[in-house]
Amino acid sequence: MPTTSTDPRAAAAALLVPGTTCHGFAVERRETVPELDSDAYVLRHTASGARLLYLACDDENKAFAIGFKTPPADSTGVFHILEHSVLCGSAKFPVKEPFVDLIKSSMQTFLNAMTYPDKTIYPVATTNEQDLYNLMDVYLDAVFNPAIYTKSTIFEQEGWHYELDLPEDAEGDGEGGSASLREGTLRYNGVVFNEMKGALSDPMSVLDDAVNAALYPDTAYAHESGGDPRAIPALTYEQFLDTHARHYNPSNSYITLYGDLDVDRALAFLDERYLSQSSAASRRMDAAVAAGEAPPRWRPIRWACRPPVTCEYKRVEMATTPENALVGLGLVLGSALDRKRTIAADILFEALLGSNEAPVKKAILAAGLGGNVVSYTAAESLQPYELIMLQNAQPGVARELRRVFQDACRDLCEHGVPRERLEAIISSNEYDLRQRDYGIADGVAIACDALSTWLYDDDAATLALKYGPVYEELRGDLDGSYFEDLLRELVLQNDHMALVELVPVDAAEGAEIAEAAELAAKRDAMTDAELADVVERTAALRAAQEAEDTPEAKATLPRLRVSDIGEARPEPPLVVDTTAPIPCLRHDIPTNRLAYAMQYFDLSCVAFEDLPYVTLLCRLLKQLPTSEHSAEELDNLLAGKLGFLSFTTEVMTQPDVDGVRPYLLVSAGALSEKIDALASLPREVWSSTLLADADADRMRDVLTQIRIGLEQGFINNGHSAALGRAMSYSSPSAVVREQLSGVDFYLFLRDLLEHFDERVDGLRTKLAELAERIFVADGCMASFTGSNEDFDAYWNAAGDLGLGAGDSTDAGRNALVVPTPRDCHEAFVIPSDICFAASACDPRRLGIDVTGAWAVAANALSYDYLWNEIRVKGGAYGCGFRAAGERQTAFYTYRDPAIDPSIERVARAGEWLGSFEPDEAAFEGFIVSCVSGMDAPVKPYALTKRRNTTYLAGLDPHAREERRAQMLAATPVELRSLGADVTRIAAESPTCVFGGRDVIAKSNAGFNVVDLLG
């Protein structure tokens, strides 16, 4: 029965008594999960078989998720295409893009869907309870009653379809028309098809797939669940529908509810609206049964571990640059249900390979087999595995890598894994667990974590969430031989392993050439009627994409109104504490017994040409010994005493349009009980690292790792690189960022590595000189987040942080002179089959005042015009327009199959906005989603950095409040008035592209082409 308690845990305890039934759900058990400050309830819907986990807690950021077991039988990406497609309209909500409508009209703090190797999850989160029901309603109707059964164009748009590009002088019909069809270029298009072209341009993803195929042959894990572009076109529409019908049913579902919500209402909603009703999938299956095409009962998906298999060596070729050579060693750890073993293995391999001072990584680097070694524990599968990956591998070193790795592990088994390293990793993990900063809404991350065990055993719904006892037991195991025994089993006695080498080959042998030849053959084999059908179907698809949703269809969508938005959550005022030895920005924010300390060191004392050395200084600190500790001792000390310590650079754009102020930021976090370390260890690193005598090989290793990381970023997140580079064509701040971390820094680093031996002495001298100049009290601003007691304890221990006065003269403080920006109109070649493009500028330079109304306009442009034109029609995976602040406006595309069509569509964005006439409900939705983005809960560390940036960038401390008010006051007339300015921004914002050589070559935009990684 309903309860009037406002305490979600008390309300759930009164309602969900084990052994009772509530709205068709049998309450199976209740458990306390102290790690999450919550109570967990495991239920089963009696009629449908749906499973449900409710985590009752005080979190206002409520969440819902529904997941399905979806192990693929091939690499056509059917479940990935379904993930996209079911969110393209449903029986109850017959609009084209309900997913996008929710993004632009709800108060969601998370809204997405994810395809894993064996499951698909649809999670949402919001701080508004009515919004949660709106989101649940749309998502549940999407998964159970999608429009895919009546609209084949959804499959073509999101999955794949043929397109025939005709010659410009093609005639429409007659014999000439047939001849023109034969001269046309047949190609594939589709959102998932293009997305996976981009995803599989990443050599690390390709290697991981190959390792899985070797470890788990004849299982779902041997296939690419996202879809291999070579296999996606083999998927038919009928197979697509049949796969949905067999898997998207309640008996194959896992539902999670989380947070401070009315669980009685939620269960009634689920039962009455969906779980007790028939679905499109069930009706299709019933028809198949009646026709004798399917068994009369659902076949439950059962799991069985793959018997051990040893792959001694496997070679995989990929068209990529030689620097992307990789070797992967995969080791199966056991069962997902053995949580202690999986967690212990993760700790063990982090201790052995997690840093340059880790003993096994050190041995591999010393052997000179490659540029870097990384490892990760893949725990979200039935049989978790560890992947040890050698990057920038030398040719033919695969077996030598395994030998060096095993020898190093054998030595540790015999002489013991260093306990200080294991204890440090355990302490570091426990800090992360207390911080609970998942990077996404807590309830979404927890729902995904729960499925890492629940998917394989109905009794394991909370197994992955209860880590406390495991860590307590592992701390006890430090006194015995548990970790050595585990290492011996996993490395020296493991008969379930695979060794895979990824070998770069010339691009002429790549997938693009093979695909073009395949399509040419298909075109030649088609009849004239079939070619004409391709043109007609493409036209039909375009017509469907361009058709407006009817008013009746739009009216079905649940929407919040502006009146549903509460008042802005007040933040405590930012206090500049001048009683501390260093001026300190003090943040009174609850932190769950954690403390964060930061120091911002002014870099205006550094010459522009020396800025790349500042980045190297940041990356080398913590990697080198200090006067008090060896590098290995320091590594253990930092992991054991601090939650994190980072040295980074940040560039603050000043109120003056040409003003720029870069900083070196030292950030650290610790448990309250370790305040002394928070005060002393960062100081030790910046003040006493032995830079002048640094080991050359150690420095070269770190620099090589930086280079590899940058190259991976260009391939996987080229839109970010393109945005930064495009901005640098007109903004001094962006020029500085490029010098510190962008393309200019990469080119500097690559040259430094090519001439390292002759420049290393100068490098040591330069770094030591910079450290002495930067780490001074003059121009330093501190920041502290934590309790009053922690604040006092920190400064009592820190004193003046050992900072000297520095050179406070104008000459000492104003060495930085930033070159005048210039438009280079560059296209950077990267090994990829797609491209990333961006056009950006500082609107102040155009005399444009970007108010809060611009955020509403950006929402409309991104999720209406650009989404439909560039993603839906163009097949790009992502696109958007940014106007989140007054100092940058930008258009961008992500994993885009072509450059020029997107540039042309961007050019028309202002014209579209100028004639923008949304109905009242839709416009309110744009406002609601914009404001909710500002109001979304923020973790303490992120909030601290945001407030610090506001202060140091010279922003008005009330600017967020004013911007929020401007959003709420925005009108359609105001947005239409911005159309001309959007047209100017599109025309006058310089463009930059990162993409594959073939994609760039097809552009007529006249780019200056740069072979970035060659």
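Of E886, E869, E920, which residue is more than 30 Å from D442 (Cβ to Cβ) and surrounded by fewer than 19 Cβ atoms within 10 Å (Cβ to Cβ)? Lay out the reasoning, then the answer.
On the way: E886 fails: surrounded by fewer than 19 Cβ atoms within 10 Å (Cβ to Cβ); E869 fails: surrounded by fewer than 19 Cβ atoms within 10 Å (Cβ to Cβ).
Only one candidate passes the filter, namely E920.
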| remark: When (1) free of Cβ contacts under 8 Å to residues at least 60 places away in the same chain; (2) within 30 Å of L331 (Cα to Cα) are applied to E501, the one that fails is (1)
| request: Restricting attention to helices (runs of 4 or more DSSP H) lying wholly within the range 715-826, give those where 2 or more residues are modelled with pLDDT of 95 or more and crowded, with 17+ Cβ neighbours inside 10 Å. | output: 718-728, 732-741, 743-754, 756-774, 788-798
| request: Select from the range 99-131 the residues that are among the charged types (D, E, K, R) and over 21 Å from the mean Cα position of the chain (by Cα) and write down the one among them that is farthest from D264 (Cα to Cα). | output: D101
| message | Being assigned by TED's automatic domain parsing to the domain that holds I255, at pLDDT 95 or above, in contact with a Lys or Arg (Cβ under 7 Å, 6 or more places away or on another chain) and surrounded by fewer than 23 Cβ atoms within 10 Å (Cβ to Cβ) is the requirement here; does E28 meet it? | response | yes
| query | Looking at the range 649-662, is at least one residue of a type in the set (V, I, T), modelled with pLDDT under 95 and assigned to a loop (DSSP other than H, G, I, E, B)? | reply | yes
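Please find, among L541, L531, the residue that is outside any loop (DSSP other than H, G, I, E, B), in contact with a Leu (Cβ under 7 Å, 6 or more places away or on another chain) and outside the structural domain of V95 (by TED's automatic domain parsing). Show your work before the answer.
On the way: L541 fails: in contact with a Leu (Cβ under 7 Å, 6 or more places away or on another chain).
Result: L531 is the single residue among L541, L531 that is outside any loop (DSSP other than H, G, I, E, B), in contact with a Leu (Cβ under 7 Å, 6 or more places away or on another chain) and outside the structural domain of V95 (by TED's automatic domain parsing).
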| message | Can you say whether T648 is touching a strand residue (DSSP E or B) at 6+ places or on another chain (Cβ under 7 Å), of a type in the set (V, I, T), without any contact (Cβ under 8 Å) to a residue 60 or more places away in the chain and not assigned by TED's automatic domain parsing to the domain that holds T889, as far as the supplied structure shows? | response | yes
| query | What residue, among those in the range 680-708 that are of a type outside the set (A, V, I, L, M) and not in a helix (DSSP H, G or I), is nearest to A797 (Cα to Cα)? | reply | T689
| request: Return a yes/no flag: does the range 624-635 have any residue that is in a helix (DSSP H, G or I), out of contact with any Leu (no Cβ under 6 Å at 6 or more places or on another chain), within 23 Å of R882 (Cβ to Cβ) and not acidic (D, E). | output: no
| Pick from A210, A231, A220: which is within 30 Å of V332 (Cα to Cα) and surrounded by fewer than 20 Cβ atoms within 10 Å (Cβ to Cβ)? | A231
| message | Return the residues of the range 909-960 that are more than 24 Å from the chain's Cα centre (by Cα), of a type outside the set (A, V, I, L, M) and outside any helix (DSSP H, G or I); say none if nothing qualifies. | response | S915, F916, E917, P918, D919, G954, D956, P957, H958
| said: Against the conditions (1) more than 22 Å from F269 (Cα to Cα); (2) part of a loop (DSSP other than H, G, I, E, B), where does E31 fall short? Just the number, please. | reply: (2)
| said: Condition check: surrounded by fewer than 19 Cβ atoms within 10 Å (Cβ to Cβ), at pLDDT below 95, at negative phi and basic (K, R). Does R410 satisfy that? | reply: no
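For every residue, the table says whether it meets (1) part of a loop (DSSP other than H, G, I, E, B); (2) buried (at least 24 other Cβ atoms within 10 Å of the Cβ); (3) β-branched (V, I, T); (4) touching a residue at least 24 places away in the same chain (Cβ under 8 Å).
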position	(1), (2), (3), (4)
I66	no, yes, yes, yes
A73	yes, no, no, yes
T76	yes, yes, yes, yes
H80	no, yes, no, yes
H84	no, no, no, yes
P94	yes, no, no, yes
V100	no, no, yes, yes
S105	yes, yes, no, yes
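Out of G669, G659, G640, report the one residue that is over 20 Å from D956 (Cα atoms) and out of contact with any helix residue (DSSP H, G or I) (no Cβ under 6 Å at 6 or more places or on another chain).
So the residue among G669, G659, G640 that is over 20 Å from D956 (Cα atoms) and out of contact with any helix residue (DSSP H, G or I) (no Cβ under 6 Å at 6 or more places or on another chain) is G669.
Condition check ((1) assigned to a loop (DSSP other than H, G, I, E, B); (2) hydroxyl-bearing (S, T, Y); (3) buried (at least 22 other Cβ atoms within 10 Å of the Cβ)) across all residues:
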site	(1), (2), (3)
P123	no, no, yes
L132	no, no, yes
L135	no, no, yes
Y139	no, yes, yes
A142	no, no, yes
I148	no, no, yes
F155	no, no, yes
E163	no, no, no
P167	yes, no, no
| said: Just to be sure I understand, how many residues within the range 595-607 are surrounded by fewer than 21 Cβ atoms within 10 Å (Cβ to Cβ) and either within 32 Å of the chain's Cα centre (by Cα) or assigned by TED's automatic domain parsing to the domain that holds P359 (or both)? | reply: 1
| request: Any chance you could count how many residues in the range 828-870 are without any contact (Cβ under 8 Å) to a residue 40 or more places away in the chain and either in contact with a helix residue (DSSP H, G or I) (Cβ under 8 Å, 6 or more places away or on another chain) or in a strand (DSSP E or B) (or both)? | output: 4
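The values are calculated or read from the model by the stated rules, or taken from the named source; none is laboratory data. Keep in mind it's a predicted model, so treat the numbers as computed, not measured. FYI the Cβ positions are ideal-geometry reconstructions off the backbone, even for glycines, and counts take in every protein chain you see.
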